[in-house]
Amino acid sequence: MSESTARDALDPLRALFAHDAAKVTAMFLAIWALFYAFGTVLGYGNNGLLALVRRVTFLAAVYGIVVLALNIQWGYAGLFNIGVAGFMAVGAYTVSMLSGSPTGVPPGLGLPLPIGILGGMLAATVVGLVAALPALRLKADYLAIVTVALSEIIRITYNTPAFANITGGASGFDNLPTSPANALLLSDPSSTISEPTAVGEAVFSLFAQFGIQRFTAINTVYTVGVLVVLLVVYLVLERAGKSPFGRVLKAVREDETAAQSLGKDTQNFKVRAFALGCGLMGLAGILWFAMGPRASVTPVTFRPNITFYIFIALIIGGAGSNTGSVLGGALFASLLFEAPPVVRNIVTDAFDVSADPSNLIEALVPVAGGDLVPLAGFLLNNIDTLRFIGMGVLLVVLVQRRPDGLLGARKETAAGVSLAANTRPDRSDAAGNGGGDGE
């Protein structure tokens, strides 16, 4: 096959992957295939395989939502917010207070879940507005310091014993709002062993044919719902990014003085972008921590490390790209966070690695004699810690080799309509008759 023939054969594939939907779909299919293979090697049955794929899908979806929220602030407006965890905490705590059971500890108000979700997003938005008004007068490093300090103030306030009757103190909430999946599938949403609804009966019967347990089925339905939310958030932000609002934000990011000289109230646009991002961070906190399969709303859940995970994911995907945000969130959640422990289990099952040296020196000394088992044992037993080193190495490589991330270097739309030569209206007739209408 000649080079030109091969190139022609690849043209349809290039055309397909020119669309963002194809990139995201291909990435999710590859992640599902990889973790399905992991589960098969580990000998999981259908229930275990689905549970493994569902977990990585859920994490990819919630990471995608919160990375999209950060992209509006940093990728579009250039606002360096490293208080992401604090705004997620506001959303999760607020929905727990509003929609938690009145008989719980601490008691909630028992309001319908949609009201609780809207209240959580509104609370995160308001906190973002309050923080934005003074903080956005600062630049770069100073804004970062303010936001991370605010995040810690929020977390410590929730942890304070004086507010334990409202926030639960260090223990947090012990009865979180019922997830929509439970309400849809179960007659008593507070108990996973209650009688199913008509929809639940159909869903559980379908999953039971493949040996899927009820708990896994409920979590799978919830994960599908989170994927739908991710799609909606993506479409809304993609539309906003191409609107005049989004183009002004990009102008502010590139040169705020130039944007001001064109009559734009840049402070107003930055405040709106910051508040919008904070509201979506609150939504991510609700879906992830207040109603997720492993729901936990405690102060320790919202430590600053979550913020840095989100930034790593955005850097991988590329700041300024909504599609890159989804890709980065999914790749971080799957390959950097979930894959290492699964790989450890596979290697441990396949090979007899019984050595467990207490430190790296004891692991390296036998290598001189050709014994690699202690080093392998050390690496496997400390893989949870070593993956953080891997994240650091990845960041260094990205900054040096591809600072724009996977999709961050794409050309931005500069106008609301195409300015390409072949799409401009033909004005030759108008020019010939002096610019009139031709009649």
Length gain on complete extension for the stretch VAL199 to ALA149, per 0.36 nm per residue less the alpha carbon to alpha carbon distance? 13.4 nm
Average projected area [Cα convex hull, the stretch 168-245], square nanometres: 8.4
For the chain, what are the DSSP H helices with axial Cα length of 27 Å or more and mean Kyte-Doolittle hydropathy of at least 0.0? 20-41, 46-70, 113-135, 140-159, 214-242, 266-285
Would you compute, for the Cα atoms of the chain, the largest minus smallest coordinate along each principal axis and list the three values in descending order, in whole Å? 87, 67, 52
Over all directions, the stretch 45-302 yields a Cα convex hull whose mean projected area in nm² is 14.7
Find the all-direction average of the projected area of the Cα convex hull for the stretch 28-117, expressing the result in square nanometres with one decimal place. 9.1
SER171 paired with TYR36, simple spin-label distance in nm, labels 7 Å along Cα-to-beta-carbon: 4.5
Over all distinct Cα pairs, what is the inverse of the mean 1/r for the stretch 267-422, reported as the Kirkwood hydrodynamic radius in Å? 19.2
Report, largest value first, the span of the C-alpha coordinates of the stretch 51-181 along each principal axis, in whole Å. 46, 42, 24
Relative contact order (percent) for the stretch 45-302, with alpha-carbon contacts under 8 angstrom and 6 or more residues of separation? 36
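None of the figures in this text is laboratory data; all of them are computed from the coordinates on show. Predicted model only: the values in this text are computed from it and were never measured. Using ideal geometry, Cβ is built from the backbone for each residue, glycine included, and neighbour counts are taken over all protein chains shown.
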